[in-house]
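Take a look at the structure below.
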Protein chains: 2
Amino acid sequence: MMNIFEENAPLLSAYWPFLFLPLVVFTLFYISIMFRKRRGIDEESINDIGDMDINDQLMLSNQSKADRIPYKLPRCDKNDLIYKTKSFYQTMNLRRSCRMFSSEKVPEIVIENIIKAAGTAPSGAHTEPWTFVVVERQDLKKKIRDIIEEEEEINYTRRMGEKWVNDLKQFKTDWIKPYLEEAPYLILVFKQTYGFWPDGTRKVHYYNEMSVSISVGILLAAISNAGLCTVTSTPLNAGTRLRDLLGRPSNEKCVILLPVGYPSKTATVPNLKRKPLQDILFRC
Amino acid sequence: MMNIFEENAPLLSAYWPFLFLPLVVFTLFYISIMFRKRRGIDEESINDIGDMDINDQLMLSNQSKADRIPYKLPRCDKNDLIYKTKSFYQTMNLRRSCRMFSSEKVPEIVIENIIKAAGTAPSGAHTEPWTFVVVERQDLKKKIRDIIEEEEEINYTRRMGEKWVNDLKQFKTDWIKPYLEEAPYLILVFKQTYGFWPDGTRKVHYYNEMSVSISVGILLAAISNAGLCTVTSTPLNAGTRLRDLLGRPSNEKCVILLPVGYPSKTATVPNLKRKPLQDILFRC
């Protein structure tokens, strides 16, 4: 056995310790990376295990479990109920992603009421892991637009997968977004990826992205209810720069950006249809 | 060099090929796993790169870009607007996670209207990646309860991190959920992790979880608007069993389960407060 090796691979045979040892080091290095990755995934999955309906009791740590209050809701008769729900659907159905805004001002109190509505959303462990930054200053809107357009250009030209770019090519979608300056308000929605207990230690924010997204759903409902329009956009890789620009802390990440205002007089939207009810609702 | 090895480790020296070759195989195996993992992450990140406001144009592939329609919204005067938004907030603010339901029936058309409202949510590339399964049959509700309670017991006793279990311990939260049988309806919300093009190839559903969560936000708004109540719960690891029970396809995953009905006459909720507006809204 040894002779065959020595005859056919004399160099390998003579210097194998120099190959063998780096290989051992290399292997151990890779294994350690693997384990670190696995541990990372386990930590992640803790966030994923839990139940929003249990979690909201976590915040009760300073309250006795007996501290409960009666829960009653106003009732209306059957016909009113049917009318109300139909009318609500019709209002929601007016919502379209609109990129053409009037510069007409919207009263500040209206924006406040809309965000108060969003703040009623449920959240894992009642952590309310959301921050809404409302930008009205024209110079800041310009800076936000610059950041988003720059990052988006990089996305188009460098980061995006080939498939994605091909999907978009036929529409010649570009990264020019004048509406970020035209809309009277930009609402930047941040998720708080973690929080702090009173003693300063980190508090896990279970389900923070899901909670914030649900809150944005209620925000959109409030915007439609007000007869205003918006476009639901995700600020790509601009999150950190936007956070720095707006002076938000490092536990916050900008997940959604919503320009809000009235549609411009010449606004148009793509002629899209929604799925019919029988494609989204199944009864058992 | 060779002599030192031969003297001190005669066995290793004699049989190194038998150690060396398995080590090479082992290393290559690990490297291949690493690369597969990395590729997985890259595919994932494509989902994360993009912009909901761009993506909704993807579905226009069969339409010309010129196929646009005017977008107008009904207007009301300033005072009406302030009243409407305040009133909407007040209705939303009645929402609490409620686990005590009356068995009183709710008209089917009301549930339909609520889900139609949820179906108006925006979605990445206008993929509308949601399925709402409404369960009214008592035997199915019982089966769903059994599945969820079983999985939850396993979560409590085995899967959950130590920290999480400690967080919950003080409340003696248990996994008994009678309300899953008491509420007249269970709405199970599935995300479609991917879809299909007309030619049968897989269609990527960008932002499917965020889109579905936003849709659930509108669903919750519609439920509150109707004077009904619910509790936003995530069905833990029961997703696959629920999918099989309800005969949903393998591209769907149950992300949220909502029992829906009227609160029972004796319903109570924890005496929680929400964050004040100045803790969630920042102006620039």
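The values are calculated or read from the model by the stated rules, or taken from the named source; none is laboratory data. Please read these numbers as outputs of a predicted model, since none were measured by experiment. With ideal geometry, Cβ positions are generated from the backbone for all residues, glycine too; neighbour counts draw on all protein chains shown. Heads up: the accessible areas ignore ligands, DNA and RNA and are worked out on the full protein's heavy atoms, side chains in. Shrake-Rupley method; radii C 1.70, N 1.55, O 1.52, S 1.80 Å.
Within segment B:244-255, can you find the residues that are more than 9 Å from chain A (Cβ to nearest Cβ) and either within 25 Å of A:His126 (Cα to Cα) or part of a strand (DSSP E or B) (or both)?
Passing the criteria: B:Glu252, B:Lys253, B:Cys254.
Only residues that are under 20 Å from B:Ala125 (Cα atoms), within 7 Å of chain B (Cβ to nearest Cβ) and not polar (S, T, N, Q): list them for segment A:222-238, please.
A:Cys229, A:Val231, A:Leu236
In segment B:127-142, what residues are out of contact with any Asp or Glu (no Cβ under 8 Å at 6 or more places or on another chain) and under 14 Å from B:Pro178 (Cα atoms)?
Across segment B:127-142, the qualifying residues are B:Asp139, B:Leu140.
Given the structure, is A:Lys203 of a type outside the set (Gly, Ala, Ser), touching a residue at least 12 places away in the same chain (Cβ under 8 Å) and either facing chain B (nearest Cβ under 9 Å) or under 28 Å from A:Glu151 (Cα atoms) (or both)?
no
I'm told A:Arg241 meets every condition in (1) closer than 28 Å to A:Lys86 by Cβ; (2) charged (D, E, K, R); (3) more than 9 Å from chain B (Cβ to nearest Cβ); (4) touching an Asp or Glu at 6+ places or on another chain (Cβ under 8 Å) except one. Can you identify the failing condition by its number?
(1)
What's the number of the condition A:Pro259 fails, among (1) assigned to a helix (DSSP H, G or I); (2) under 23 Å from the mean Cα position of the chain (by Cα); (3) not aliphatic (A, V, I, L, M)?
All conditions pass for A:Pro259, except number (1).
If A:Leu258 passes every condition in (1) open to solvent by less than 20 Å² (accessible area, probe 1.4 Å); (2) touching a Cys at 6+ places or on another chain (Cβ under 9 Å); (3) more than 9 Å from chain B (Cβ to nearest Cβ); (4) modelled with pLDDT of 95 or more but one, which one does it miss?
All conditions are met except number (2).
Failed condition for A:Val269, given (1) crowded, with 19+ Cβ neighbours inside 10 Å; (2) among the hydrophobic types (A, V, I, L, M, F, W, C); (3) within 9 Å of chain B (Cβ to nearest Cβ), with all others met?
Here A:Val269 meets the rest and fails (1).
Picking from A:Lys191, A:Lys203, which residue would you name as being assigned by TED's automatic domain parsing to the domain that holds A:Ala125, open to solvent by 10 Å² or more (accessible area, probe 1.4 Å) and at pLDDT 95 or above?
Exactly one residue qualifies, and that residue is A:Lys191.
Of the numbered conditions (1) crowded, with 16+ Cβ neighbours inside 10 Å; (2) modelled with pLDDT of 50 or more, A:Leu60 fails exactly one; give the number of that condition.
(2)
Of the residues in segment B:90-124, how many are buried (at least 22 other Cβ atoms within 10 Å of the Cβ), more than 21 Å from the chain's Cα centre (by Cα) and of a type outside the set (A, V, I, L, M, F, W, C)?
Counting residues in segment B:90-124 that are buried (at least 22 other Cβ atoms within 10 Å of the Cβ), more than 21 Å from the chain's Cα centre (by Cα) and of a type outside the set (A, V, I, L, M, F, W, C) gives 1.
Looking only at segment B:221-242, which residues are of a type outside the set (Gly, Ala, Ser), out of contact with any Ser or Thr (no Cβ under 7 Å at 6 or more places or on another chain) and crowded, with 19+ Cβ neighbours inside 10 Å?
Hits for segment B:221-242 are B:Leu228, B:Cys229, B:Thr230, B:Thr234, B:Pro235, B:Leu236, B:Leu242.
Just to check your reading of the model, which residue among B:Val110, B:Val106 is in a loop (DSSP other than H, G, I, E, B), over 30 Å from A:Ile111 (Cβ atoms), at pLDDT 95 or above and aliphatic (A, V, I, L, M)?
B:Val106
Could you please find all residues in segment B:68-79 being open to solvent by less than 80 Å² (accessible area, probe 1.4 Å) and either more than 7 Å from chain A (Cβ to nearest Cβ) or in a loop (DSSP other than H, G, I, E, B) (or both)?
Of everything in segment B:68-79, those that are open to solvent by less than 80 Å² (accessible area, probe 1.4 Å) and either more than 7 Å from chain A (Cβ to nearest Cβ) or in a loop (DSSP other than H, G, I, E, B) (or both) turn out to be B:Tyr71, B:Leu73, B:Cys76.
Please work out if A:Leu246 is on the phi > 0 side of the Ramachandran plot and either under 14 Å from the mean Cα position of the chain (by Cα) or open to solvent by 10 Å² or more (accessible area, probe 1.4 Å) (or both).
It is false that A:Leu246 is on the phi > 0 side of the Ramachandran plot and either under 14 Å from the mean Cα position of the chain (by Cα) or open to solvent by 10 Å² or more (accessible area, probe 1.4 Å) (or both).
Give the number of residues within segment A:245-265 that are out of contact with any strand residue (DSSP E or B) (no Cβ under 8 Å at 6 or more places or on another chain) and over 30 Å from A:Thr201 (Cβ atoms).
Qualifying residue count, segment A:245-265: 1.
Going through B:Ile115, B:Ile111, B:Ile82 one at a time, which residue ends up being under 25 Å from A:Asp80 (Cβ atoms) and more than 7 Å from every other protein chain (Cβ to nearest Cβ)?
Only one candidate qualifies: B:Ile111.
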